[in-house]
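The values are calculated or read from the model by the stated rules, or taken from the named source; none is laboratory data. Given the structure is predicted, the values throughout are model-derived calculations rather than measurements. As a convention, Cβ positions derive from the backbone with ideal geometry for all residues, glycine included, and neighbour counts pool all protein chains shown. Quick note on the areas: whole protein, heavy atoms, side chains included, nothing else; ligands and nucleic acids left out. Shrake-Rupley method; radii C 1.70, N 1.55, O 1.52, S 1.80 Å.
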Amino acid sequence: MQRILMTTLALTSSLALAGGAGMAPMGPVSTAQVSNNTNVLFMEVAAMSNLAEIQTSQLALQKSSNAQVRAFAQHMIEAHTQAHRELLQLAAMKGVKLTDKPGADQRLQYNKLSTLSGAAFDAMYMKVQIQGHEMTLDLIKTYRTIGTDAQVLAYAAKMQPAVAMHLEEAKALPGM
């Protein structure tokens with residue numbers, strides 16, 4: 001499990017640093033782009049996860065006509081906005097600058113979602129929600145075994161039951 005976290009964090013960092021062959025990074029650089037600190041990398045991936053949840057759920061409010069999907073999306077926006085706000089405050093206390101956008105893979109998922117409509121959109125949105133929450137839950141569990149910052153560990157511990165609940169809620173929606 002530790003290897004999965006470190007691989008995920010290393011891949012995320014290397015993708016962020018790459019920025020494209022021969023291209024200089026655009027815009028401000030997050031702390032994780034220049035750090036291998038496990039605590040910083042966890043906060044960066046958690047930030048990307050929160051932002052992806054918010055953005056895909058905002059898209060669901062625009063595109064879905066299913067009341068249950070829309071209610072779930074609204075719940076995700078509220079919960080992940082609060083979680084992200086807390087994470088930003090924690091990062092600021094630590095002098096860590098976090099990314100302001102989801103990861104590249106999450107943005108690709110968003111782009112795919114934006115091309116869908118109706119039942120196809122709802123099914124793909126819920127698939128993305130389930131996969132995203134599974135990944136985030138694994139990340140949190142792994143981080144809690146290797147993290148060293150008491151405050152970041154406390155944030156992870158606080159978020160774990162909420163992420164697990166979101167995963168179960170996503171799985172329980174009709175058609176999932």
### Message
Assuming 0.36 nm per residue, please report the length gained on full extension of the stretch Ser35 to Met93 beyond their Cα-Cα distance.
### Response
19.2 nm
### Query
Placing +1 at every Lys and Arg Cβ and -1 at every Asp and Glu Cβ, with all other atoms neutral, what dipole size does the stretch 24-176 have around its Cα centre, in debye to the nearest 20?
160 debye
### As computed over the stretch 87-142, the Cα convex hull volume per residue (Å³)
98 Å³
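Over the stretch 25-92, what percent of the accessible surface lies on carbon and sulfur atoms, probe 1.4 Å?
Here it works out to 53 percent.
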### Summary
Rounded to one decimal in nm, the spacing of the 7 Å Cα→Cβ label points at Asp105 and Ala71 is 3.2 nm
#### Entry: Anisotropy class of the stretch 120-176 from Cα gyration tensor, a/c 1.5 cut
prolate
### Query
If you take the square roots of the eigenvalues of the alpha-carbon gyration tensor of the stretch 73-117 and sort them as a ≥ b ≥ c, do you get rounded (a/c under 1.5), prolate (a/b over b/c) or oblate?
oblate
### Task
Using the 2.2 N^0.38 Å rule of thumb for compact globular proteins, work out how the stretch 50-137 stacks up: its C-alpha Rg over that value, please.
1.13
### Task
Along Cα→Cβ, 7 Å out, is where each label goes; now give me the distance between the ones at Ile146 and Arg85 in nm to one decimal.
3.2 nm
